[in-house]
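Structure, as C-alpha cells:
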Ligand code: PMP
C-alpha cells in the first residue's frame, strides 16, 4: 500500500536473526503493518482495492514528459546527474513558493527545504524535535505514515478529536491544558488541515485562526502536513496555517499528489532556525535531494500547464468521490461516512458491534480491500472505522467494490 510506509523487520525478535541482540532500542517502535500480508492478496487484479492511496497518474502527458527529460539530460545532464545543495535547488525552491502562493502563502525560497517526498520531511522534523518519551499531539485519526515516524522516534502520541470541520479547538485546548497540568509539554501538533488522510474532512476557515492561537498560547509548534491542499473539488484553497503564523508552523508540501509521486519530491517551509536544523539533518541523512528529480520537476513547472493538470486531477477525483458516496448511500445505508470536498479518502463508520480489522480477511475473500481504522490510531482504537480510497479505481470499480463491501457487512451483521 503506497502510503503506508512501515519499516519491515521480518527476522527481528526471532532466534533466526543473529543480530537480534544488536538492534537499537528505537527499532522496537518500528513494526510491519499487521495487515500487510493481506495487501499482497489485495493487489491481485480481481480484488477491488479501496485501500491504497496511490494517485492516479494515468492522465499525465507521458510523451511530453519523456521529451523534456531527454532534453534535460542532453542539455544539463552534467548538473542533473551530479550532487547538489543540501537545501535543494534554488530555482525549484523559488517555484515552490509560487505553488504555495496558491494557498495564500508569501514564502521566501530561503525558508524552503526540498526533501525526498514529504515523508522525509516528517522524518526530519521528528528527528530534530523528538527525544524518546516526548509528546506529539495528533488528530484522531492520523496519517499512518506519520504515526510510524513518531513511533520510530519513540514519541508518545496523544490524539485529539476532529469533527466534520476538522480539529476541534476547545478539545485541543483541553488536551494541551491537561498535558501541561501533567507536566508534559507537547513538542508539536501534527495536523493535516485539508482533505484529511484518513478522515476526509477539512479544517474550517473559522477554526484556523483559533487553532493557531491555541498552539501559540501553549507554546506548541504546529506541523502542518498539506499534500492534498490543491486538490479541492468545489472551492478555493483555504489559508494555510503557515500563512496565519509563519513563525509557529513548519509546513510540509509535496508534488506527489499534484504531479507524480515517483519523483519523490516534497518540501518543508520552516522558520529560519528550524530550517537550519532541517538542512543539517537532511544532509546527514541523504546529502542532497535527487538533482534529477528536482530538475525534472522544475522543468515540468516551467514548461507545462501544471495548473491545468491539477484541475484535471480535481475533476477526475471529484467524479470518483461522487461514485463512492453514491454507492455508499445505495449499498451501505446502516453506515455513516464523511463526504470529502477534496483529496482521496472517505472515513466510514460501521454499524455498532462490527470490527473492521476482524472483517478484513472476509472482505478480501469477497474481493474488496480497505484499511481498518486501527491503522490510524497510536493506541489501537478505531476498529469501528475504515478508510476507503477512491483515488485509484475507476468509478465503475468503486461502485463494484462498495457493493462487495456491503455484502460482507451484511453477512457480518447476521453472524
Ligand atoms: N502526508 C500525508 C498526509 C500523506 O497522505 C502522504 C502520502 N500518502 C504523505 C505525507 C507522504 O507523501 P510523499 O512522501 O509522497 O510526499
**OP:** Those residues that are away from the ligand (no atom under 11 Å from the Cβ) and either surrounded by fewer than 24 Cβ atoms within 10 Å (Cβ to Cβ) or within 20 Å of the chain's Cα centre (by Cα) (or both), I need them from the range 212-230; list them, please.
**Re:** 212, 213, 214, 216, 217, 218, 219, 220, 221, 222, 230
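Looking only at the range 186-211, how many residues end up being more than 16 Å from the ligand (Cβ to nearest atom), farther than 24 Å from residue 344 by Cβ and in contact with a strand residue (DSSP E or B) (Cβ under 7 Å, 6 or more places away or on another chain)?
Kept after step one, since they are more than 16 Å from the ligand (Cβ to nearest atom), are these residues of the range 186-211: 186-187, 204-211.
Now drop any that are not farther than 24 Å from residue 344 by Cβ, which leaves 186-187, 206, 209-210.
From what's left, in contact with a strand residue (DSSP E or B) (Cβ under 7 Å, 6 or more places away or on another chain): 186-187.
Residues in the range 186-211 being more than 16 Å from the ligand (Cβ to nearest atom), farther than 24 Å from residue 344 by Cβ and in contact with a strand residue (DSSP E or B) (Cβ under 7 Å, 6 or more places away or on another chain): 2 in total.
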Original post:
Does residue 81 satisfy the condition of being surrounded by fewer than 21 Cβ atoms within 10 Å (Cβ to Cβ), under 25 Å from the mean Cα position of the chain (by Cα) and in contact (Cβ under 8 Å) with a residue 60 or more places away in the chain?
Top reply: no
Original post:
Going through the range 195-209 one residue at a time, which ones are touching a helix residue (DSSP H, G or I) at 6+ places or on another chain (Cβ under 6 Å) and farther than 13 Å from residue 238 by Cα?
Top reply: 198
**OP:** Please state which of the following conditions residue 74 fails to meet, knowing it meets all the rest: (1) away from the ligand (no atom under 16 Å from the Cβ); (2) in contact with a strand residue (DSSP E or B) (Cβ under 7 Å, 6 or more places away or on another chain).
**Re:** (2)
Subject >> Candidates 146, 101, 155 - the one that is over 18 Å from the mean Cα position of the chain (by Cα) and over 30 Å from residue 80 (Cα atoms) >> reply: 155
Original post:
Give me the pairs: first residue in the range 49-64 and under 13 Å from residue 391 (Cα atoms) and within 15 Å of the ligand (Cβ to nearest atom), second residue at pLDDT below 90 and part of a loop (DSSP other than H, G, I, E, B), beta-carbon distance under 7 Å, and six or more apart or on different chains, which are they?
Top reply: 49/43; 51/1; 52/1; 52/2; 53/2; 53/3; 54/2
Subject >> Positions within the range 231-268 being assigned to a strand (DSSP E or B) and more than 10 Å from the ligand (Cβ to nearest atom), in sequence order >> reply: 232, 249, 250, 251, 268
**OP:** Just name the residue that is surrounded by the fewest Cβ atoms within 10 Å (Cβ to Cβ) out of those in the range 362-373 that are in contact with a helix residue (DSSP H, G or I) (Cβ under 8 Å, 6 or more places away or on another chain) and part of a helix (DSSP H, G or I).
**Re:** 362
**OP:** Evaluate the range 325-336: report whether one residue or more is within 21 Å of the chain's Cα centre (by Cα) and surrounded by 17 or more Cβ atoms within 10 Å (Cβ to Cβ).
**Re:** no
Subject >> Where residue 313 falls short, out of the listed (1) in contact with a strand residue (DSSP E or B) (Cβ under 7 Å, 6 or more places away or on another chain); (2) under 14 Å from residue 60 (Cβ atoms) >> reply: (1)
Original post:
Are any residues in the range 342-361 in a loop (DSSP other than H, G, I, E, B), away from the ligand (no atom under 16 Å from the Cβ) and at negative phi, and if so, which ones?
Top reply: 350, 351, 352, 354, 355
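The values are calculated or read from the model by the stated rules, or taken from the named source; none is laboratory data. Computed from a prediction, not measured in an experiment: that's the story for all the values here. Counting neighbours? That spans all protein chains shown, and the Cβs are built from the backbone with ideal geometry, glycine included.
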